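A.B. asks: My questions will all concern the structure given below.
The values are calculated or read from the model by the stated rules, or taken from the named source; none is laboratory data. As the structure is a computational prediction, the values presented were derived from the model and not from experiment. Note: ideal-geometry Cβ built from the backbone for every residue, glycine included; neighbour counts use all protein chains shown. Accessible surface is based on the protein model in full, side chains and every heavy atom, while ligands, DNA and RNA are left aside. Shrake-Rupley method; radii C 1.70, N 1.55, O 1.52, S 1.80 Å.
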Amino acid sequence: PAGSTRENTRSAITIEPDFSVVVTEGKVELFLNSAKHPPLKISDDYVEMLDTYAHSKDKTVKEAAGFIKNKIESAKWFIEALQLREKTMISVTRAIVKHQQKFFLTGDQADLRPLILKTIAEEINSDISTVSRIASSKYILTEYGTILIKDLFVEGLSTITGESVSTNEVKLKLIECVKAEDKANPLSDEEIAKLLIARNYSIARRTVAKYREELNIPSKNFRKVA
């Protein structure tokens, strides 16, 4: 089927991470993949050519010198723009990794801290759109696999005592509740909410239902096993 072909094509695409995170003696370090971002420079041949042509009195040669000069200036602008883009990309990613250090140490999704785009944008004095664009298109290679930077942003939820935890942590607890339930009498969303509240998570029934659907966990009636 055509759909299967497209799926196979997507799965065959190899992702080349833009960054690598290495943990050494409990220290999390971020590295730019230099192979993917090679340094650019203007060829010395063109610079020497411009210097030679610029001193000529020949009108045609002078016109050629002007053409070369414009191209060199355009190249310089392009290189500077790329360097600024790379600098911004590094600043954004470094700030995100700093916030999520515990996750990079453990590889446990529950250790991802609540984090939103606005927090990073304000921290590095950038635009939310810039942070979003980088997060949605760049990848980090870790010892736990290759991660899309966007996946390091997670919503937050408060505990009954006022602490902030990630929704990932709450979803994992929800999964634990479902796995441990009596399959002949599955838990309702209300009952799951009460169990989570007992574990110090401040959560409503409708939020449980939302997370359950996001996790593709069927409702109570469809989980029942006779």
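A.B. asks: Output the number of residues of segment 84-113 satisfying the condition of being among the polar types (S, T, N, Q), open to solvent by 70 Å² or more (accessible area, probe 1.4 Å) and within 16 Å of Val28 (Cβ to Cβ). Before the answer, list the steps.
C.D. replies: Taking segment 84-113 first, the residues among the polar types (S, T, N, Q) are 88, 91, 93, 100-101, 106, 109.
So of that shortlist, the ones also open to solvent by 70 Å² or more (accessible area, probe 1.4 Å) come out as 101, 109.
Now restrict to residues that are within 16 Å of Val28 (Cβ to Cβ): 101.
The number of residues fulfilling the criteria is 1.
A.B. asks: Is it the case that segment 118-136 has a residue that's modelled with pLDDT under 95, under 30 Å from Ala198 (Cβ atoms), open to solvent by 60 Å² or more (accessible area, probe 1.4 Å) and over 11 Å from the mean Cα position of the chain (by Cα)?
C.D. replies: No, segment 118-136 contains no residue that is modelled with pLDDT under 95, under 30 Å from Ala198 (Cβ atoms), open to solvent by 60 Å² or more (accessible area, probe 1.4 Å) and over 11 Å from the mean Cα position of the chain (by Cα).
A.B. asks: Something else now. Of the residues that make up segment 154-162, is at least one surrounded by 18 or more Cβ atoms within 10 Å (Cβ to Cβ) and of a type in the set (S, T, N, Q)?
C.D. replies: No.
A.B. asks: Looking only at helices (runs of 4 or more DSSP H) that fall completely inside segment 168-226, which ones have 3 or more residues that are open to solvent by less than 70 Å² (accessible area, probe 1.4 Å)? Lay out the reasoning, then the answer.
C.D. replies: Values: elements: 189-198, 205-214, 220-223.
Where helices (runs of 4 or more DSSP H) fall fully within segment 168-226 and carry at least 3 residues being open to solvent by less than 70 Å² (accessible area, probe 1.4 Å), they are 189-198, 205-214.
A.B. asks: Kindly indicate whether Gly156 is without any contact (Cβ under 8 Å) to a residue 60 or more places away in the chain and at positive phi.
C.D. replies: Details: without any contact (Cβ under 8 Å) to a residue 60 or more places away in the chain: yes; at positive phi: no.
No; evaluated as a whole, the condition is false for this residue.
A.B. asks: Additional query: Based on what the data block shows, is Glu80 open to solvent by 80 Å² or more (accessible area, probe 1.4 Å), within 30 Å of Leu152 (Cα to Cα), at pLDDT 70 or above and under 32 Å from the mean Cα position of the chain (by Cα)? Break it down stepwise before answering.
C.D. replies: Numbers: open to solvent by 80 Å² or more (accessible area, probe 1.4 Å): yes; within 30 Å of Leu152 (Cα to Cα): yes; at pLDDT 70 or above: yes; under 32 Å from the mean Cα position of the chain (by Cα): yes.
So Glu80 fits the description; yes.
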